[in-house]
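Take a look at the structure set out below.
Laboratory data are not the source of any read-out in this text; all were calculated from the coordinates shown. What you see is a predicted model, and the numbers here were worked out from it, not measured in a lab. Cβ coordinates were reconstructed from backbone atoms using ideal geometry, including for glycine residues, and neighbour counts include every protein chain displayed.
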Amino acid sequence: MKKDKKKENLEQEENLKKEECKCGENCCCGDDCNCDNDCDCDCGSDCRPEEIEILEHKVADLEEKLRYSKAELINYRKRKDEEVSNMLKFANQDLILELLPVVDNFERAIKLADKSNTEITKFLDGFNMLYVAIKDIFKKFGVEEISDVDVVFDPNYHQAVLVEENKEKENDTVLEILLKGYILKGRVIRPASVKVNKIN
């Protein structure tokens, strides 16, 4: 009977501890309840702040990597868009460069026109029509000539082939276009071969 009383008293004490504890029936922390710490380990002490700090560092690193990846992706897309845009813009460049020597030959042939010989003149009139048609196509696709004389020599647009001293003209002036240059949509695809004035 006494044993039953003792047993009963022990059970009551345990029930009181369980009631005081906030974590429920599986709490084994006793009087020093650590339930508020939400610690899952068996160390019996508050280790959560260290875990939180480690996890926060990991989250920060991952966020930084994500931002970096997003920036890289945006830059890659911009570069690709620019490349595609340039590719489409200058898609005809190779074809035009192949046609330029043909246009040069047309110009040379037209300059040979002899008005005293009607047969040659008629023949060259056909050349002239073809030449004009090609020039119209060039204009349609954004091709411009570099053919101005009496302008200041610009290495971006001109290639000096010959020099001559002419005191009536300014120094570094383009005196003559020996071979026309061409610009495609703002890009020089062939600089003009020129004679430049050099005064010593």
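Here are a few things to note about the model shown:
- Checking each residue in the stretch 112-164 for being in contact with a strand residue (DSSP E or B) (Cβ under 8 Å, 6 or more places away or on another chain) and over 20 Å from S193 (Cα atoms) picks out F141, G142.
- Summed over the stretch 173-187, residues that are outside any strand (DSSP E or B) and surrounded by 15 or more Cβ atoms within 10 Å (Cβ to Cβ) total 1.
- Residue list for the stretch 188-200, filter: farther than 30 Å from L95 by Cβ, part of a strand (DSSP E or B) and not polar (S, T, N, Q): V196
- From E98, E107, residue being part of a helix (DSSP H, G or I) and within 22 Å of V196 (Cβ to Cβ): E107
- Note on the stretch 109-142: among residues that are under 45 Å from the mean Cα position of the chain (by Cα) and of a type in the set (F, W, Y), the one that is farthest from Y182 (Cα to Cα) is F127.
- Residues in the stretch 110-129 that are aliphatic (A, V, I, L, M) and surrounded by 13 or more Cβ atoms within 10 Å (Cβ to Cβ): I110, A113, I120, L124.
- Matching residues, the stretch 88-112, being over 15 Å from Y131 (Cα atoms) and polar (S, T, N, Q): N92, Q93
- Test: residue in the stretch 138-151 that is touching an Asp or Glu at 6+ places or on another chain (Cβ under 9 Å) and part of a helix (DSSP H, G or I): yes
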